[in-house]
1. Pairs under 9 Å by beta carbon, first residue in contact (Cβ under 8 Å) with a residue 24 or more places away in the chain and within 19 Å of Thr80 (Cβ to Cβ) in the range 269-294, partner of a type in the set (Lys, Arg) and surrounded by fewer than 24 Cβ atoms within 10 Å (Cβ to Cβ), six or more apart or different chains?
2. Give the range 33-91 a look and list any residue that's free of Cβ contacts under 8 Å to residues at least 12 places away in the same chain and under 18 Å from Ile179 (Cβ atoms), or say none.
3. Would you call Ala238 modelled with pLDDT of 90 or more, touching a Ser or Thr at 6+ places or on another chain (Cβ under 9 Å) and within 22 Å of Glu180 (Cβ to Cβ)?
4. Restricting attention to the range 235-276, and to residues there that are over 18 Å from Leu93 (Cα atoms) and of a type in the set (Val, Ile, Thr), which single residue is surrounded by the fewest Cβ atoms within 10 Å (Cβ to Cβ)?
5. May I ask you to verify whether Val223 is in contact with a Lys or Arg (Cβ under 6 Å, 6 or more places away or on another chain), modelled with pLDDT under 95 and among the β-branched types (Val, Ile, Thr)?
6. What number goes with the only condition from (1) surrounded by fewer than 24 Cβ atoms within 10 Å (Cβ to Cβ); (2) touching a strand residue (DSSP E or B) at 6+ places or on another chain (Cβ under 8 Å); (3) among the small types (Gly, Ala, Ser) that Ala98 does not pass?
7. Listed residues Leu290, Leu232; which is part of a helix (DSSP H, G or I), buried (at least 19 other Cβ atoms within 10 Å of the Cβ), touching a Leu at 6+ places or on another chain (Cβ under 7 Å) and at pLDDT 95 or above?
8. When the residues of the range 206-229 are narrowed to those that are of a type in the set (Ser, Thr, Tyr) and in a helix (DSSP H, G or I), which ends up farthest from Leu93 (Cα to Cα)?
Amino acid sequence: MPPADTSPEAGNPGAGRLQPLRNFFRRNPLTYSLVGLVLLGVAMSFLSGEFLSPANLSNVLRQVSVNAIIAVGMTIVILTGGIDLSVGAVMALGMTTAAGAMLAGAPPFLAIILALLMGLVCGAVNGVLVAYVRLPAIIVTLAMMEIPRGAALLYTKGYPLSGLPESFAFWGRGQVFGIETPILIMLAVFGIAYVMLNHFPVGRYLYGIGGNEEAVRLSGIRVRRYQFLAYLLSGLTAAISGIVLSSRLMSGQPNAGGGFELDAIAAVVLGGTSITGGRGHILGTLVGALMLGMLNNGLNLMEVSPYAQMVLKGAIIILAIYASTGKNSDR
């Protein structure tokens with residue numbers, strides 16, 4: 001007599017029919033984030049009649065762009081198993097660097113270059129201390145939350161730098177073929193990151209370091225070089241977001257970027273990237289940033305207290321990390 005079938009599908013025929021769908025979701029983890037985005041959009045459209053208006057959706061995309069650009073660098077760092085808590089402060093330093101240069105008479109293009117270099121310098125400091133000195137990433141970047149912020153406050157004496165040239169407004173308020181410039185910059189940054197992570201060897205190395213650093217090292221890859229690169233790119237994307245925000249506000253704000261590191265981490269985790277590294281998708285980060293932006297916008301339209309929004313955002317991050325850990329443990 002053949003042995004009895006003790007599989008879960010035997011006692012529950014419906015589970016067997018659902019197995020292909022489960023397998024599809026496991027092979028395509030980005031689908032979880034896309035389904036979440038659609039459900040959130042549907043819920044917000046019912047809760048607020050203004051949510052789906054073209055003007056509001058354009059506003060959501062414009063607001064999302066700054067956080068999404070930062071989240072690109074954060075994704076790369078988290079894929080390697082690291083973390084970067086300094087992105088908000090680096091963004092503020094990039095803003096004030098660009099604004100100060102323009103007020104001193106530098107053309108906007110040169111000021112933007114200086115801001116990007118400042119972001120690269122901050123990223124390089126993080127990268128050297130984490131990759132080569134081997135200090136814990138959370139400690140290094142926690143300290144770098146203070147140093148760039150303090151430098152920005154010292155440089156500006158705590159006051160915003162305003163009166164920037166009108167030509168600089170293009171990067172935060174302009175349009176190209178009817179599409180706002182910040183959205184185009186966001187899409188360009190994500191496009192470059194997608195190609196790098198999915199079509200170049202550096203992408204495989206970054207994923208591999210987060211998955212099994214020792215195995216990557218034993219295969220002859222210079223792990224420290226790519227860890228350094230991850231933090232370098234995180235500093236660069238923070239500076240890019242600072243340029244966009246400074247252009248939109250037409251000022252350099254030394255206090256800008258507070259809490260942006262939390263928003264960036266939230267976008268990465270909501271997008272399905274494992275907080276322990278090695279698993280994730282850059283397009284998932286874009287979906288996560290859109291989810292976070294839609295949530296913030298919808299709650300504002302419903303006039304929910306900003307303090308309650310902070311509690312809700314923290315709870316969502318915990319749930320997203322829990323869900324991500326559960327999905328990864330099934331594999």
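The values are calculated or read from the model by the stated rules, or taken from the named source; none is laboratory data. Note that the structure is predicted; figures quoted are calculated from it, not measured. As a convention, Cβ positions derive from the backbone with ideal geometry for all residues, glycine included, and neighbour counts pool all protein chains shown.
1. Going by the 9 Å Cβ cut-off, the qualifying pairs are Gly272/Arg279; Gly272/Lys327; Thr273/Arg279; Ser274/Lys327; Arg279/Lys327; Arg279/Arg331.
2. Selection gives Ser53, Pro54, Ala55, Leu57.
3. So Ala238 fits the description; yes.
4. Thr276
5. When the stated conditions are applied, Val223 passes them.
6. Condition not satisfied by Ala98: (1).
7. Sole residue among the options that is part of a helix (DSSP H, G or I), buried (at least 19 other Cβ atoms within 10 Å of the Cβ), touching a Leu at 6+ places or on another chain (Cβ under 7 Å) and at pLDDT 95 or above: Leu232.
8. Tyr207
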